[in-house]
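J.: The structure's right below; bear with me while I get my questions together.
No value in this document is a laboratory result; all are computed from the given coordinates. A quick note: this is a predicted structure, and the numbers were derived from the prediction, not measured. Heads up, the Cβs are rebuilt from the backbone with ideal geometry, glycines too, and the neighbour counts pull from every protein chain shown.
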Amino acid sequence: AAYNSADLYYLRGEYTRAHDLYRAVEEQSERLGDVSHSALCDLDRSAIYLELNLSEEAGEFAERARARFEQLGMIYEEAKALTTQALTTSRVGRRDDTHRLFKQARRLFARERNHVWLALVDLYEALVSFRDGEHPRARRLCEGARDQFARASMPVKTAQWDLLLARLALQDGNPAG
């Protein structure tokens, strides 16, 4: 219940309360030997730090979560942690690590047949590539994945794709797209 409460605080943007609850749940999980909930708390805390632009801390929590999920055979969660790690490395300019981590996450999500998260990884990598001036790579990542969000009834993510595609068209001098 405390873990779910922490999630609700996180979703409401109350990061301090969420962080404190995740820490308390993690400590209790450690005492009880519940490695999976402890790792989930690390993953969620990494997301908080990522949103607060504390990339180093986010990366540390994501790596710890990833290692635990790998040991537990929790493929989906491991892939999410890899995605967070990729986003943290992108913010500190480690492009090779960023693309390698996205590739690892993509491979795991494909194994899970999770098409929505495959499209999310493509979106995140496309956004990173666009920001880094790697427009051809961003364009390649955009091909086809936008439709996955539309089929999954994810209008906000679909709009993010549309916005990125429009920005890429403007870069090409083609404002009509």
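J.: Determine, for each peptide in 9-16, 48-55, the mean count of other beta carbons within 10 angstrom over its residues, then list the peptides with the highest first.
T.: The packing order, highest mean first, is 48-55, 9-16.
J.: Treating the beta-carbon of each Lys and Arg as +1 and of each Asp and Glu as -1, no other charges, what is the dipole magnitude of the chain about its Cα centre, to the nearest 20 debye?
T.: Charge dipole of the chain: 620 debye, to the nearest 20.
J.: Would you work out if the stretch 92-177 is rounded, prolate or oblate? Take a ≥ b ≥ c from the square roots of the eigenvalues of the alpha-carbon gyration tensor; rounded if a/c is under 1.5, else prolate when a/b is larger than b/c, oblate otherwise.
T.: oblate
J.: Follow-up. Going toward the positive end of the dipole of the chain, with +1 on Lys and Arg Cβ and -1 on Asp and Glu Cβ, which of Thr89, Leu72, Trp161 do you reach last?
T.: It is Trp161, whose Cα lies furthest towards the positive end.
J.: Of the listed values (i) 10, 33, 36, 16, 4, 1; (ii) 9, 28, 20, 10, 10, 10, 8, 4, 1; (iii) 10, 34, 30, 19, 7, 0, grab the one calculated as P(r) over Cα pairs in 10 Å bins from 0, in percent from the structure here.
T.: Calculated P(r) over Cα pairs in 10 Å bins from 0, in percent: the matching label is (i).
J.: Under the Karplus relation 6.51 cos²θ - 1.76 cosθ + 1.60, θ = phi - 60°, what is the ordered set of whole-Hz ³J(HN,Hα) values for the stretch 98-104, x standing for Gly and Pro?
T.: 4, 5, 5, 5, 4, 4, 5
J.: Per the helix-only calculation at 222 nm, which mean residue ellipticity applies to the chain, given -39500 (n - 2.57) for every DSSP H run of n ≥ 4 and division by its residues, nearest 500 deg cm²/dmol?
T.: -27000 deg cm²/dmol
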